[in-house]
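Visitor: Here it is, the structure in full.
The values are calculated or read from the model by the stated rules, or taken from the named source; none is laboratory data. Quick caveat, the model's predicted, so the values are computed rather than measured. Cβ placement follows ideal geometry from the backbone for every residue including glycine, while neighbour counts extend to all protein chains displayed. Ligands, DNA and RNA are stripped out before the accessible areas are found, and what is left, the full protein with its side chains, is counted by its heavy atoms. Shrake-Rupley method; radii C 1.70, N 1.55, O 1.52, S 1.80 Å.
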Amino acid sequence: MALVRAARSSLRRSGGAIGNYASERNIFCEGISPLRHPAPVFEKAVTGFNSSYIPSTQMISQLSFGNRGMKFTPQYQFPHAEAQTVGGSDSKNERSSYPGLEATKQGEKPRVVVLGSGWAACRFLKGIDTTMYDVVCIAPRNHMVFTPLLASTCVGTLEFRSVAEPVTQIQKALAKDPNSYFFLASCTGVDADKHEVYCETVGDCGVSHEHYGFKVAYDKLVIASGAKPLTFGIKGVEEHAFFLREVQNAQEIRKKLLMNLMVSETPGISEEEKERLLHCVVIGGGPTGVEFSGELSDFIMRDVRERYAHVKNYIHVTLIEANEILSSFDVGLREYATKHLTKVGVRLVHGVVKEVHPDKIVLSDGSDVPYGLLVWSTGVGPSKFIKSLDIPKSPGGRIGIDEWLRVPSVEDVFAIGDCAGFLEQTGKPVLPALAQVAERQGKYLVKLFTNIGKQNGGKALSAKDITLGDPFVYKHLGSMATVGRYKALVDLRQAKGEKGVSLAGFMSWFIWRSAYLTRVISWRNRFYVAMNWGTTLIFGRDNTKIG
């Protein structure tokens, strides 16, 4: 024991790299470069590029995962200090020292890097031929969300796991193949000349509030990073409103709703405060806003009035829309939805939000709307990462793509889903941010990559003379939305203004449920959804507040 203590004391005095590192970092994360100042760049056409990095580095121990192609040698630890702006060449040299996946070698399969885990990314991952390509998926979440059913989880109709499918279950090669990976991280920059993406982890990796940088070389890059909710720059939205895009959003809405119900029963709460706490406001009359309002009215009529009898007369729902609800649907369906929502207790208000406060909304006409729960659903727009890319954009700020879903200004880069839109010179309109658009683009890109691979064009810079085949063509299959109380809308027109089949009522609700049950990505989740629906029908929704 004395010998061990002496050795430990000697190691501390010597200031060895391992001892210093272990005192500051979790050993599990050793070898990944801490990075607090990411570099959001797309360097193909950038001139005078500058990025914030810390020029001095501290060498730490070597680590290698050569059996799966990962090389973390050498590795550097960036000191925790204010970043200094350095020249573009210095920044490139610093990034070249990142640990990560190096470029594929002769005889190895081409590597396809996919950014995102949404509808487009997961449909592409599901179909990609992993005997032809190695695949790396980089996303800030490890699952796909079945968004059409997300509103149902907010009120307990469905459990959260029923609408989430792990990416490694969608494409098993990410977990099993020696040179395919899933990385829980966000992309912060792309160097199209070097064919590299630069990323930052999103988990704390055992150390609170710490991020780690790494790079991944690619032969082909598919950007499918999705979009973010539009707030139109309205003050207070980001701070006080709930969005409905992720499972985490649904969990927060559910906790807030149940908390308000329970707090409102507390003795001493004034009538005015009860009215505010139990006033649920939804901003945006698109399919998501209408479906959430319908689910919420169902919850109130069937469950709240039975289980919260003391406050059942205080809770109500208001849906605020600047124009018309469900504007993309047939006129007759819009009228049906308006009448039905009004009938089940949803108050419809035409108005524009000017400002959001912690307990009230200010409309453009000066009126105040007190609220206890505010859900914001006004569409989506380009994310900060997409805006940072210095490449031509489509109308609306999305990544500009051609008819084959390529980014024409750079080599070997494709973009699909909500983050991409056709360039004006293609003569095609920017497609709506819908799940079916993203899914069809992912499916098309699978065929395109198979074609490229068969012509030996999978490697970087080797697809210039490849015949790509037919361009992508989108045909709208129709729209569906539930409005609560076993009622739904089905609009099978291919475009607004055209003729087609339009249905509303119980039969439409049955079609809506049947269609989405078959679209759920795995048999496991289909079983979960069917069981949840059956349990809710018999026993009602669960009102347990956890967390």
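Visitor: Of all residues in region 465-485, count the ones that are more than 29 Å from the chain's Cα centre (by Cα) and without any contact (Cβ under 8 Å) to a residue 24 or more places away in the chain.
Guide: Result for region 465-485: 5.
Visitor: Taking ASN456 as meeting all but one of (1) touching a residue at least 12 places away in the same chain (Cβ under 8 Å); (2) among the polar types (S, T, N, Q); (3) out of contact with any helix residue (DSSP H, G or I) (no Cβ under 9 Å at 6 or more places or on another chain), write down the number of the exception.
Guide: (1)
Visitor: Check off (1) among the polar types (S, T, N, Q); (2) open to solvent by less than 60 Å² (accessible area, probe 1.4 Å); (3) without any contact (Cβ under 8 Å) to a residue 60 or more places away in the chain for SER225 and give me the number that stays unchecked.
Guide: Among (1) among the polar types (S, T, N, Q); (2) open to solvent by less than 60 Å² (accessible area, probe 1.4 Å); (3) without any contact (Cβ under 8 Å) to a residue 60 or more places away in the chain, SER225 violates only (3).
Visitor: For region 305-315, how many residues meet the condition of being assigned to a helix (DSSP H, G or I) and crowded, with 22+ Cβ neighbours inside 10 Å?
Guide: 0
Visitor: Given (1) open to solvent by 50 Å² or more (accessible area, probe 1.4 Å); (2) assigned to a helix (DSSP H, G or I), identify the lone condition not met by ASP365.
Guide: (2)
Visitor: Of everything in region 486-508, what is surrounded by fewer than 21 Cβ atoms within 10 Å (Cβ to Cβ), small (Gly, Ala, Ser) and within 28 Å of the chain's Cα centre (by Cα)? Give them in sequence order.
Guide: Selection gives ALA495 alone.
Visitor: Still on this structure, please answer the following. List the pairs whose first member sits in region 276-301 and is at positive phi, whose second member is buried (at least 23 other Cβ atoms within 10 Å of the Cβ), and whose Cβ atoms are under 6 Å apart, counting only residues at least 6 apart or on separate chains?
Guide: Hits for this filter: GLY284/SER377; GLY284/THR378.
Visitor: Continuing with this model, one more query. Which numbered condition trips up CYS187, out of (1) under 18 Å from LEU101 (Cα atoms); (2) open to solvent by 40 Å² or more (accessible area, probe 1.4 Å)?
Guide: Going through (1) under 18 Å from LEU101 (Cα atoms); (2) open to solvent by 40 Å² or more (accessible area, probe 1.4 Å) one by one, CYS187 breaks only (2).
Visitor: Yes or no: region 199-220 includes at least one residue that is more than 25 Å from VAL113 (Cα to Cα), assigned to a strand (DSSP E or B) and open to solvent by less than 70 Å² (accessible area, probe 1.4 Å).
Guide: no
Visitor: Taking region 368-390 on its own, how many of its residues are under 20 Å from the mean Cα position of the chain (by Cα) and either farther than 30 Å from GLU275 by Cα or open to solvent by 20 Å² or more (accessible area, probe 1.4 Å) (or both)?
Guide: Here the count works out to 13.
Visitor: Within region 527-547, restricting attention to residues that are touching a helix residue (DSSP H, G or I) at 6+ places or on another chain (Cβ under 6 Å) and under 22 Å from GLN169 (Cβ atoms), which residue is most open to solvent (accessible area, probe 1.4 Å)?
Guide: TYR528
Visitor: May I ask you to verify whether LYS194 is within 21 Å of the chain's Cα centre (by Cα), basic (Lys, Arg) and either open to solvent by 10 Å² or more (accessible area, probe 1.4 Å) or modelled with pLDDT under 95 (or both)?
Guide: Answer is no for this residue.
Visitor: Same structure again: Inside region 391-404, can you point out the residues that are surrounded by 18 or more Cβ atoms within 10 Å (Cβ to Cβ) and touching a Phe, Trp or Tyr at 6+ places or on another chain (Cβ under 7 Å)?
Guide: Selection gives ILE391, SER394, ILE401.
Visitor: Given the options THR288, THR338, THR342, THR318, name the one that is farther than 15 Å from GLY372 by Cβ, outside any loop (DSSP other than H, G, I, E, B), of a type in the set (Ser, Thr, Tyr) and within 29 Å of the chain's Cα centre (by Cα).
Guide: Result of the check over THR288, THR338, THR342, THR318: THR288.
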